[in-house]
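**Q** This is the structure I have questions about; it appears just below.
Just so you know, all these numbers are worked out from the coordinates, no wet-lab data involved. Everything quoted here is computed from the prediction, not taken from an experiment. Cβ: placed from backbone, ideal geometry, glycine included. Neighbour counts: every protein chain shown.
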Amino acid sequence: MTDETSGTPYYTFGFSESMLQHLRRHTVHSHAAHLLPHLKPGLRVLDLGCGPGTLSVGLAEAIAPGALYGVDMEPSQVDLARSVAEAGGHDNATFRVGDVTGLAFDDDRFDVVHGHAILAHVPDTEAVLAEAKRVLKPGGLISVREWILENSFLAPDFEVINDAWLTLAELMTADDGHPNIGRDLKRHLLDAGFTDVRATASFTCYTTEADIGYFSRVIENWFFSADVRSSATAYGVATQQQLDNLEQALKRWMSHPGAFGAVAYGESIAYKPQG
Ligand SMILES: C[S@@+](CC[C@H](N)C(=O)[O-])C[C@H]1O[C@@H](n2cnc3c(N)ncnc32)[C@H](O)[C@@H]1O
């Protein structure tokens, strides 16, 4: 899918303001907690698919005075990441436009390569992991964290609302993405030649009134936007009627006192073999 804010292919989420507001809530503590214990001052770290950079600057802070590099294919995201770093005084963070399947870095450059919510969007998983391995120093650490949409849920679901996850997964698959790749990270890392893989899983939860209101607005403003609706119908993954039914169910969910939502992720760290 391409959206009116970008001509970039293969990126289902697009770059609308509602999606950006959502991504800007990502921090190193909320979305890379599995990696934090492995970071220390002085490391050289690469963030693959850095997006608007809120997670990246947390990495930069954890490894200062080391150097953090962020790469994203979308120039508008690189600009945003640069402004987030500048506003926070993270002068050890550098952001570049680039494709994660062909990194413009020499071999054996980084102590850590991190990717959050990027493998789900890139058709060629093998190519991304091969590039990550190439630019890592021998013994260097790779960290990935990715969605498992099929294990994400909103409750109560009124017997329909969880179909939204399946619709979103089908949209991503139609863009050659991998909506459930979070559960296969260990296998992919082993296939790519990494060793000592440690795989875990976690949820990002929405439970307070503020959380529920926030998450409902993200779904309403992004998933039910004219742009995503027209992609869903054009790809044949949902009819307008099905989307209308889901939207009604979402309204019931957001005002239900028992409303609870959880987005599932798989996360793994592993190492590039020495020599
Ligand atoms: C869901 S966002 C994740 C952003 C950030 N990692 C985070 O979690 O906050 C995915 C990002 O990957 C970027 N992206 C997708 N395919 C890419 C590719 N082949 N090379 C570089 N960036 C890519 C998109 O432009 C988008 O900014």
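**Q** What FRET efficiency comes out for Asp91 versus Ala174 if R0 is 30 angstrom and r is the Cβ-Cβ distance? Round to the nearest 0.05.
**A** Once the sixth-power term is evaluated, E becomes 0.15.
**Q** Here's something else I'd like to know. Relative to the Cα centre, what is the charge dipole magnitude of the range 83-206, using +1 at the beta carbon of each Lys and Arg, -1 at the beta carbon of each Asp and Glu, and rounding to the nearest 20 debye?
**A** 480 debye
**Q** I'd like the orientation of helix 75-87 relative to the chain: the angle between its Cα long axis and the longest Cα principal axis, in ° from 0 to 90, rounded to 10.
**A** 70 degrees
**Q** Any chance you could give the angle, 0 to 90 degrees and rounded to 10, that helix 163-174 forms with the longest Cα principal axis of the chain?
**A** Relative to the chain, helix 163-174 is tipped by roughly 50 degrees.
**Q** Could you tell me what percent of the DSSP beta bridges with both partners in the chain are antiparallel, to the nearest 5?
**A** 50 percent
**Q** What's the longest piece of the chain with no exposed GluC sites (Glu not before Pro), counting a site as exposed if DSSP puts it in a loop and it has at most 16 other beta carbons within 10 Å?
**A** Excluding the exposed sites themselves, the longest stretch runs over 5-158.
**Q** Quick one: what are the phi-derived ³J(HN,Hα) couplings along the range 176-182, Karplus 6.51/-1.76/1.60 with θ = phi - 60°, whole Hz, x for glycine and proline?
**A** The phi angles translate into 6, x, 9, x, 10, 5, x Hz.
**Q** Additional query: With the cut-off at 1.5 for a/c, could you classify the range 193-233 from its C-alpha gyration tensor as rounded, prolate or oblate?
**A** Taking the square roots of the gyration eigenvalues as a ≥ b ≥ c, the range 193-233 is oblate.
**Q** Per-residue HN-Hα couplings for the range 95-106, Karplus 6.51 cos²θ - 1.76 cosθ + 1.60 at θ = phi - 60°, whole Hz, x for Gly and Pro?
**A** Couplings: 10, 9, 6, x, 9, 6, 8, x, 7, 8, 10, 5 Hz.
**Q** Going by C-beta contacts inside 10 Å, put Lys251, Lys272, Lys133, Lys186 in order with the fewest on the left.
**A** Lys251, Lys186, Lys133, Lys272
**Q** If I fit a long axis through the Cα atoms of helix 209-218 and take the longest principal axis of the Cα atoms of the chain, what angle between them do I get, 0 to 90°, rounded to 10?
**A** The helix 209-218 is inclined about 90 degrees to the chain.
**Q** At 222 nm, what value in deg cm²/dmol follows for the chain if DSSP H runs of at least 4 each add -39500 (n - 2.57) and the sum is divided by all its residues, to the nearest 500?
**A** Helix-only estimate at 222 nm: -10500 deg cm²/dmol.
**Q** Give me the percent relative contact order of the range 17-271, please, defined on Cα pairs under 8 angstrom at least 6 residues apart.
**A** 20 percent
**Q** Which whole-number percent gives the relative contact order of the range 1-115, counting Cα pairs below 8 Å spaced six or more residues apart?
**A** Reported relative contact order: 24 percent.
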